[in-house]
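Accompanying notes for the structure given below.
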4 protein chains.
Amino acid sequence: MTKRSFQTIGLIGKSGDSSIADTVQRLAAHLLDRGCQVLLDEDTASNLPKSSLPVVNRATLSSRCDLTIIIGGDGTLLQAARTLSDGHSALVGINLGRLGFLVDISHDTMLETMDSLLAGNYVEDPRFLLHCRIIRNGEDINDSIVLNDVAIHKWNVARMIELETYINGHFVSLSRSDGLVISTPTGSTAYALSAGGPILHPALDAIALVPLCPHTMTNRPIVIPGTDRIEVVIRSQHQVRVTCDGQASHEVMCDDRVVITKMKRPLRLIHPLTHNHFDTLRVKLHWAESPQNTRR
Amino acid sequence: MTKRSFQTIGLIGKSGDSSIADTVQRLAAHLLDRGCQVLLDEDTASNLPKSSLPVVNRATLSSRCDLTIIIGGDGTLLQAARTLSDGHSALVGINLGRLGFLVDISHDTMLETMDSLLAGNYVEDPRFLLHCRIIRNGEDINDSIVLNDVAIHKWNVARMIELETYINGHFVSLSRSDGLVISTPTGSTAYALSAGGPILHPALDAIALVPLCPHTMTNRPIVIPGTDRIEVVIRSQHQVRVTCDGQASHEVMCDDRVVITKMKRPLRLIHPLTHNHFDTLRVKLHWAESPQNTRR
Amino acid sequence: MTKRSFQTIGLIGKSGDSSIADTVQRLAAHLLDRGCQVLLDEDTASNLPKSSLPVVNRATLSSRCDLTIIIGGDGTLLQAARTLSDGHSALVGINLGRLGFLVDISHDTMLETMDSLLAGNYVEDPRFLLHCRIIRNGEDINDSIVLNDVAIHKWNVARMIELETYINGHFVSLSRSDGLVISTPTGSTAYALSAGGPILHPALDAIALVPLCPHTMTNRPIVIPGTDRIEVVIRSQHQVRVTCDGQASHEVMCDDRVVITKMKRPLRLIHPLTHNHFDTLRVKLHWAESPQNTRR
Amino acid sequence: MTKRSFQTIGLIGKSGDSSIADTVQRLAAHLLDRGCQVLLDEDTASNLPKSSLPVVNRATLSSRCDLTIIIGGDGTLLQAARTLSDGHSALVGINLGRLGFLVDISHDTMLETMDSLLAGNYVEDPRFLLHCRIIRNGEDINDSIVLNDVAIHKWNVARMIELETYINGHFVSLSRSDGLVISTPTGSTAYALSAGGPILHPALDAIALVPLCPHTMTNRPIVIPGTDRIEVVIRSQHQVRVTCDGQASHEVMCDDRVVITKMKRPLRLIHPLTHNHFDTLRVKLHWAESPQNTRR
């Protein structure tokens, strides 16, 4: 019997979506049939009342699995990534119909693709994570891990907010805007893109700082090395929030400091050998389909 | 006697500008007085008919100097950088009144600043260069070195041109536009910025691909690792040109390939210890002047 | 005795700013000396405890004055404009040091300039206003008048909101974004500009619809005739707000309709004869200073 | 027998495209069958050697037809519009497969649609034209009519050009850029959109000035009343060209003046009653497809 690339496999389905039950069951049966051990995520289990798979919490999933399969969209993988970041599990995403930037395996061919991955036919696509700390009066009041972005933005207020940005301790600018998105390459096709930021290739060790509707038109997106330490000081009396990956939101006050640094260990995203990021971009962004034939 | 950081110093002045004669003479006298050997660039010498400094061509300047001082604007330094790239000379720029992104030493304080640099009080700011080759029917027809950018753009034609882009041999897109700017971090505040590109920090090992007026609105600026190999195939029958650093322009034809890779050896730009790139950005782009006092 | 262009003049100062007391007093004394009747705004009076000028509320000011002078910034004039829109008073703005788009008379020369305006040396610069109604289940729940813009935007939520836009009853788009700014020409240099909108000349009878960080990159700013009827239907369950001129904010719910139409009567802004909108743009946006001399 | 809305109908096909012969023949036969007189454009006739239709030049077409049908793409209609602008013929466009902004009648349903138009079921969509004059030393050296845009742009030169803009004789700005696009609402979805300009509704009496890669980032698109007189003075010694509708290009020199004003008589574009410009925008720009059902 050949050794599988992955022996213990976790399954996480789109939260609150009961229509995925069938897909999860078929996938689990297939993996069991291939000799893998399969663990089901606690939240996902609530959508599969009849399943007899062992159910574990996220921490156990993270520590025991060497691969976690996400069934859903990019948002599902994003949420999973943040909760699995302290384990060693690789991640792979199966989309439910529409290609995602992260969940790139089609639902229609998932069984064949899984066989191929188990046979070792895959590429690793490490994606770095950011560590976001909120500091008030010298003390950490919040600690988050993000895969896409940290958005520091106005909350229930109509006026612009003032943010002071430092990079490696050096003053960069005092800006008035709706906020600032600090994005990884992974997040560069999400909120940062809507705000006018560039597309960063996932292999790039870089962070983009993209202002949201800046008052000063020359406040353009900046891209800095991924090893730089970013510190943003809130300078508004208004309500400001820090939102991580568009999912978890924390209130901040004037003089609070948001410190963002790269995590040492990246997320290990897995793709079939045929994967190329530019192919995904081309489909998702409706670019021209194919190269021209040289003989025209 | 203390050892100077730099012993042999070349001087290059803004081309065709006779008003710099005085500045060059004062600078040369000061450096000779400090025990340096001073060599004058051939082109620059034509603006200083009364000078008794030894005059050398660019190749000799490049091989013999350990520091070359540029007196002029960013364009002067840009032009010098390309001709000095095979030597080992460090470069430093003195501006004639207006701060540049590259020429950051003020004319008013140049003598004091030079003393400080000679005493070893400086930082090195390595800037990578790009190698741009134009290939026709498998043969190299042009070879250029650039510090800022390669622009592949329509020439005497009003219509859009078609370009096919490959990164590390992988097809990226077939685009219709006025052209494409491939920019280093150094060039990111030049043409690429006018075209809507992001600001890349000079320490970033990255290249930006910025389309010029693209037909497809989702053709946005892309930033890729500096180690990537970029290949652009001309797909237009129209006239297209490849312009390097906005200075040298080469005609290309349909099916010609423009191959761009990073040079191994960077340009060694020198700054006073007080230099910080964000301070320059803040002044040049009219950002808010100073951080707020925490106690308000 | 010559007839003054304006006989009854109202004075409105920047809200909550006691430093304007002197300026208001000097201005009032000067106008009284010129034979005008001067009325002081109620709110402003609280900053001038020693003034003996007649104090009236905004409604009286609006009905009795033929000119109202605003002392402050663009925000002060904006706030005044909305409260004076049912009267016939013309408006003129005196800035406290920094040129505004609307308050263009310098504090330093205000007395001479007022004399000139009183002598009939002025231009009228009519600025149209928008009427913004919020409709829930067929009933109007809010009614606002705006000079700059109506922003329909996400409130205390990190996710995008969905808005359905109709123009003259015809479906335009269903968009996902941070919101939508509907702007007059006057507002086109305010929030809409930060969001990437075009600059509309004040004489243009047009309204700009500018999306805030739209999910779809082809959702670009649209400019339509000022006579068009805009209707935006809220399609998000999340919290959404409608903010008028960046000052007054109203909560809206899913299926609420925001209907925006041009007001019949414009605001009558007054300028010295030397005023030109492009001169103001050039100063405020740091454009090149002056035309070249043809003989170079 | 009922009176036809249009009695004499001209036919213009895409230039140099012999594949349209069939379509033109079927269309002509159908119109003759309906009792119309059909005239064939001279250029188009060269692609239909077997046709027995009367062939006339563009001037005759323009003076005798009350409707001209364009078979091709937007570029074909654009070219026709400029040559027919002095006549009274209405225009309608049949696309050869892909919906255009201007040619909106599908090839598949063209016969039914033509019957409907002949029966009077159509809307007129007047599109204003611009008159572009190039003046050298006080004398007109060129005269053009445009439907989309006038682009004043650098020609065979890699550097930026300098342009001085006046509106109604008032100085607006001296700008450095790759050029300037002066666009009608019709042209706002063409070159101006690629350059970052707003979408102007065709019913809007307005002209957009959109800079091409401006050196100064605050040089943003400006929209002015259609009745304004635009004058652009060339301030570069470099080669500059003026290109009309992306089709005809004229060389200009330093100090030449380009004067642009609205033509009195608009182009009369014809559409089926179901036409709405926003429907076209939605399809062409890939916006969200349909409004949501209120009951969700």
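What follows draws every value from the coordinates through simple rules; no lab data is involved. Note that the structure is predicted; figures quoted are calculated from it, not measured. Glycine also receives a Cβ, built like all others from the backbone with ideal geometry; neighbour counts cover every protein chain displayed.
Some notes on this structure:
- Within straight-line cross-link reach of C:K50, lysines at Cα separation under 23 Å, skipping those fewer than 8 residues along the same chain: C:K14
- Cα gyration tensor, segment A:130-262 - rounded (a/c under 1.5), prolate or oblate: rounded
- Cleavage-rule hits (trypsin sites (Lys or Arg not before Pro)) in segment A:42-79: DSSP loop, at most 15 neighbouring Cβ within 10 angstrom: A:K50
- A simple charge model with +1 on the Cβ of Lys and Arg, -1 on the Cβ of Asp and Glu and nothing else charged puts the dipole of chain C at about 400 debye relative to its Cα centre.
- Net charge in the neighbourhood of B:N137 (other residues with Cβ under 11 Å of its Cβ; Lys, Arg +1, Asp, Glu -1) is -2.
- Amide H contacts under 5 Å for A:L91, placed H, 5+ residues apart: A:T68, A:R268, A:L269, A:I270
- Note on chain A: GNM, Cα springs under 10 Å; of A:S249, A:S188, A:S85, the largest mean-square fluctuation is that of A:S249.
- Under 5 Å from the amide H of A:V38 lie the amide H atoms of A:I9, each residue being 5 or more positions distant or on a separate chain, with H modelled from the backbone and absent for Pro and chain starts.
- The charge dipole of the protein assembly as shown, taken about the Cα centre with unit charges on the Cβ atoms of Lys, Arg (+1) and Asp, Glu (-1), comes to about 0 debye, rounded to the nearest 20.
- Each residue of segment A:102-107 is assigned a 3J(HN,Hα), and the resulting list reads 9, 8, 10, 8, 6, 4 Hz, derived from the Karplus form 6.51 cos²θ - 1.76 cosθ + 1.60 (θ = phi - 60°), x at Gly and Pro.
- Shielding by partners for peptide D:206-218, expressed as the average number of C-beta atoms from other protein chains within 10 Å of each residue's C-beta, is 6.
- Charge dipole (debye, nearest 20) of segment B:1-44; +1 at Cβ of Lys and Arg, -1 at Cβ of Asp and Glu: 360
- Long-range HN-HN contacts of B:N142 with modeled amide H, under 5 Å: B:I134
- What the Cβ-Cβ distance of D:R229 and C:E112 gives, at R0 = 25 Å and to the nearest 0.05, is a FRET efficiency of 0.15.
- Beta bridges per DSSP, both residues in segment A:130-262: antiparallel share near 100 percent.
- Antiparallel bridges, percent of DSSP beta bridges restricted to chain B (to nearest 5): 75
- Considering only alpha-carbon pairs that sit under 8 angstrom and 6 or more positions apart, the relative contact order computed for chain C is 17 percent.
- Taking every residue in B:275-284 and counting other chain Cβ atoms within 10 Å of its Cβ, the average works out to 3.
- Pair A:T261, A:R136: separation of 7 Å Cα→Cβ label points (nm): 2.3
- Inter-copy label distances at C:D86 (7 Å, Cα→Cβ; nm, one decimal): 5.8, 6.2, 8.3
- Sequentially through segment A:161-176, phi angles give Karplus couplings (6.51, -1.76, 1.60; θ = phi - 60°) of 10, 10, 10, 10, 10, 10, 10, 6, x, 9, 4, 9, 6, 10, 10, 10 Hz, Gly and Pro residues having no value and appearing as x.
- Since only D:A248, D:A195, D:N148 are under comparison, the one whose Cα sits farthest along the positive direction of the charge dipole of segment D:130-262, derived from C-beta charges on Lys, Arg, Asp and Glu, is D:A195.
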